[in-house]
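Here's the structure we're looking at; comments come further down.
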Amino acid sequence: MPTTDNTQVQLPDENGHFGQFGGRFVSETLMGALEELEEVYRKLSNDPDFQEEFDKDLAHYVGRPSPLYFAERLTDKVGGAKIYLKREDLNHTGAHKVNNTIGQALLAKFMGKPRVIAETGAGQHGVASATVAARLGLECKVYMGEEDVRRQALNVYRMKLLGAEVIPVTSGTKTLKDAMNEAMRDWVTNVDNTFYIIGTAAGPHPYPMLVRDFQCVIGRETKQQCMNQIGRLPDAVVACVGGGSNAIGMFHPFIEDESVRMIGVEAGGHGVETGEHAAPLSDGRPGVLHGMRTYLMEDDNGQIIGTHSVSAGLDYPGVGPEHSYLKDINRAEYVAINDDEALEAFRTLTQVEGIMPALESAHAVAYAMKMAKEMSPDQVIVVNLSGRGDKDILTVAELDGIEM
Amino acid sequence: MSRIEACFTAMKAEGRKAIVPYVTGGDSNPRVTVPLMHALVEAGADVIELGVPFSDPMADGPVIQLACERALEHGTSLTDVLAMVAEFREQDQTTPVVLMGYLNPIEVMGYEAFAKNAKASGVDGVLVVDMPPIESAGLMAAMKAESLDIIFLIAPTTSPARRKAICEQGSGYLYYVSVKGVTGSKALNVDEVGAYISDMRQDTDLPICVGFGIRDGQSAAAVSKVSDGAIVGSVLVNQIAELANTPEKIPAAVAGIVKEMRQAIDA
Ligand SMILES: Cc1ncc(COP(=O)(O)O)c(C=O)c1O
């Protein structure tokens, strides 16, 4: 492992760069809004009242701290390192996404914006946004690719019940990236009264920074819980990577702890070698999309190419810029897990632990199981179980040939 | 003197205002673009903004999104668009051509290679929608080395401090985005635009053209009274969309719209 110093922890720099990645690649029409957001955030992130309200909401509304659970039967079944699960699936609304939406909705409230918009893939971020909007009495519109509206019908109805309007996006590949384009277009048009709640640690500065900061509660708690439960830091932390918010929230507090391996698991889809996947860090190259420079899936002419993953939440051709940076400085490792491996892990965890993971999180579980086998029983892996699998039951049933 | 500077200098001397049509390269198919460009010039276009299709045109409304999709169905790449400009230059050595698009295709080609290829093809400037001045140092250096212009956007939401910086870094002309929104947005308010532009003149001597929300001769004429030129895109692209199945009719029909605007501006 290369040496790391604490300068990495202080990134991004003042222009939002993580090394060559990140930045603010947007049309001039959005620059003012991003500057304002950055200024407000810098002020509020040092404001004890804001922090207190955030912490209070995480405790009493989200239900934090989430448990760190020793998956003993899974560990026995796999043989090798001990596998612990950080139970973000137990958060209110069922995933880590809510940590961030609580934070951004508070920003919207402090900025006096009556309307929030969001993009969503699996629908978890859309649900989390609709939830906080309901709680704060804000108008909420959620953009969702038409393909995902179909795959995640349950979450679509959940959002509607919560009072949000779900807008199916029919342009481009009809998935998460197109939903993000459409949300940006809405924001440009309604910038005066609207706060854009981005759902992952991606997009133009300051989003990757502020989403990370809100999600870092995952890694901070994990660290503390490891000290309490095993008396030391884990040997590795593992998280799935779509846009990268649950992973960066887990990784960031460990960056300076060089003994802890950090492993991000991308969606290998039908297999990285087939080209049908959503693994830009494994098989992409740096480019510019959605306001940031980062690893992307693109063709030789710089057009963004379609992605494939069985899990809607990982079906994204880019990744948060801090992950691109952590890859290039070799501080974090990035690997891919295919659809069928993730589905198998989904079933295994459900059957041996009675915990049904989101298909996104199942990618991390699958890789941890692979790794654990090669490690010794006195070693410890923490898997970030980013969400619960209820939303995916229809997808799995369909694959099983069962009509509900 | 660059072609862009020569063009605006001459217009100023004659007391004329510019009309700047935007069309997407390769829309509705790659064979349409060069004849269309010539037809636009004949109809009175002073500068042509030629769009480079991109898979994720984040700052564009549905009309130009669909134009990108049509062009990409034919595989139109940045290299292809440069070749279109080179072919246009075989007959027209005076009308400035500005490429308009998103950064990623340029990143993939490489800044220096892009600037060299652009120069060799007869391109005069580039407007990269998602590259604000603060991220432009690399491309700026490459473009300067080839004496090419970078055109920047200024919006109603641009703060005075950033406006000043943009005016200092931009060259060729400045593109004032008249409304908050994406391309193809609602009608603009000419009084507000006029007030903003007269403010802006304190920061720059560059020509200022106005785009977004110009739909007909009347709005083009109104805008040209308070600026140096009118940029018109979505109405033209709409016409292309309507004739996508009879592409041979596109140049004359689109030029017809530009001609009407030209006459309204000159009236
Ligand atoms: C449960 C769950 N995990 C992970 C993700 C991927 O997002 P990120 O990489 O930002 O954590 C999603 C996205 O929808 C999700 O719902």
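The numbers here are math on the coordinates, done by the rules we state, and not lab data. Here the structure is a predicted model, which means the values were calculated and not measured. Ideal geometry is used to build each Cβ from the backbone, glycine not excepted, and the neighbour counts take in all protein chains shown.
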For a label point 7 Å along the Cα-to-beta-carbon line of A:Asp192, residues of the range B:148-163 with backbone N under 19 Å = B:155-160
Calculated FRET efficiency for the pair A:Asn330/B:Asn245, C-beta based, R₀ 56 Å, to 0.05 | 0.55
Cα principal axis extents for the range A:223-299, largest first, Å = 48, 28, 18
Qualifying chymotrypsin sites (Phe, Trp or Tyr not before Pro) for the range B:171-267 [loop in DSSP, other Cβ within 10 Å: at most 16] = none
What helix-only [θ] at 222 nm does the protein assembly as shown give? Using -39500 (n - 2.57) per DSSP H run of at least 4, over all residues, to the nearest 500, the answer is -13500 deg cm²/dmol
Once the Cα atoms of chain B are picked out, what are the Rg and Dmax in Å?
-> 16.8, 48
Which pairs, out of A:Lys86/A:Lys177; B:Lys119/B:Lys144; A:Lys56/A:Lys113; A:Lys77/A:Lys223; A:Lys56/A:Lys223, put more than 18 Å between their alpha-carbon atoms?
-> A:Lys86/A:Lys177; A:Lys56/A:Lys113; A:Lys77/A:Lys223; A:Lys56/A:Lys223
Relative frequency of Cα-Cα separations exceeding 13 Å in the range A:52-108, percent = 64
Which of the aspartates and glutamates could a cross-linker span from B:Lys17 if the Cα-Cα distance has to be under 15 Å and same-chain partners fewer than 8 positions apart are dropped?
-> B:Glu5, B:Asp46, B:Asp228, B:Glu260, B:Asp266
Mind jotting down the distance between the C-alpha centroids of the range A:34-73 and the range A:213-264, whole Å?
-> 16
State whether the range A:314-404 is rounded, prolate or oblate according to the following rule on the C-alpha gyration tensor (a ≥ b ≥ c being the square roots of its eigenvalues): a/c under 1.5 gives rounded; otherwise a/b larger than b/c gives prolate, and the remaining case gives oblate.
-> oblate
Evaluate the relative contact order of chain B (contact order divided by residue number), counting alpha-carbon pairs under 8 angstrom at least 6 apart; express in whole percent.
-> 24
Convert 20 °C to kelvin, take the viscosity as 1.002 mPa s, use the Kirkwood radius over C-alpha pairs of the range A:24-64 as Rh, and evaluate the Stokes-Einstein diffusion coefficient in µm²/s, rounded to a whole number.
-> 179
Between Rg and the Kirkwood Rh of the protein assembly as shown, both from Cα atoms, what is the Rg to Rh ratio?
-> 1.01
Filtering GluC sites (Glu not before Pro) in the range A:325-404 by DSSP loop and by at most 16 other Cβ atoms within 10 Å leaves A:Glu374, A:Glu403
Equivalent ellipsoid, the range A:131-198 (semi-axes from 5 times Cα gyration tensor eigenvalues, Å) | 19, 17, 7
Normalising by the residue count of the range A:204-321, find the relative contact order in percent from Cα pairs under 8 Å and 6+ residues apart.
-> 24
Given Cα pairs under 8 Å that are at least 6 residues apart, what percent is the relative contact order of chain A?
-> 21
Which of B:Gly256, B:Gly233, B:Gly15 fluctuates most in a GNM of chain B (C-alpha springs under 10 Å)? That residue is B:Gly15
log₁₀ of I(q)/I(0) at q = 0.10 Å⁻¹ - the range B:1-158, Debye sum with one point per alpha carbon | -0.34
Nearby aspartates and glutamates by direct alpha-carbon distance to A:Lys43 (threshold 18 angstrom, same-chain neighbours under 8 apart not counted) = A:Asp13, A:Glu14, A:Glu35, A:Glu52, A:Glu53, A:Asp55, A:Asp213
Label 7 Å along Cα→Cβ of A:Glu36; the range A:120-141 residues with amide nitrogen under 17 Å?
-> A:139
Can you give the direction-averaged projected area of the convex hull of the alpha-carbon atoms in the range B:123-254, in nm²?
-> 9.1
Amide H to amide H under 5 Å from A:Glu119: which residues, 5+ apart in sequence or cross-chain, H placed 1.01 Å off N in plane?
-> A:Tyr143, A:Gly199
Candidate cut points under trypsin sites (Lys or Arg not before Pro) in the range A:221-293, DSSP loop plus at most 13 other Cβ atoms within 10 Å of their own Cβ, are A:Arg232
Lys, Arg +1 and Asp, Glu -1 on Cβ, resulting dipole of the protein assembly as shown about Cα centre, debye, nearest 20 | 980
For the range A:283-342, what is the convex hull volume of the alpha-carbon atoms per residue, in Å³?
-> 96
1/(1 + (r/R0)^6) with r = Cβ-Cβ of A:Arg220 and A:Leu161, R0 = 41 Å, i.e. FRET efficiency to nearest 0.05, evaluates to 0.80
The simple spin-label model distance between A:Gln51 and B:Gln218, using points 7 Å out along Cα→Cβ, in nm, is 5.9
Each label point is 7 Å from the Cα along the Cα-to-Cβ direction; what then is the distance between the points at B:Glu69 and B:Glu14, in nm?
-> 4.0
Indicate the gyration tensor shape class of the range B:120-174 (rounded, prolate or oblate), computed on the Cα atoms with a ≥ b ≥ c the square roots of the eigenvalues: a/c under 1.5 is rounded; otherwise a/b larger than b/c is prolate and the rest oblate.
-> prolate
Once the other residues with Cβ under 14 Å from the Cβ of B:Ala142 are scored (Lys, Arg +1; Asp, Glu -1), what is the net sum?
-> -2
Lysines within cross-link reach of B:Lys249: Cα-Cα under 24 Å, excluding same-chain residues under 8 positions apart?
-> B:Lys259
The FRET efficiency for A:Lys77 and A:Asp300, from their Cβ-Cβ distance with R0 = 45 Å and rounded to 0.05, is 0.50
Note the per residue figure in Å³ for the convex hull of the C-alpha positions in the range A:81-233.
-> 130
In the range A:1-139, if every C-alpha pair distance is counted and binned at 5 Å from zero, what percent goes to each bin?
-> 2, 8, 13, 14, 17, 17, 14, 8, 5, 3, 1, 0
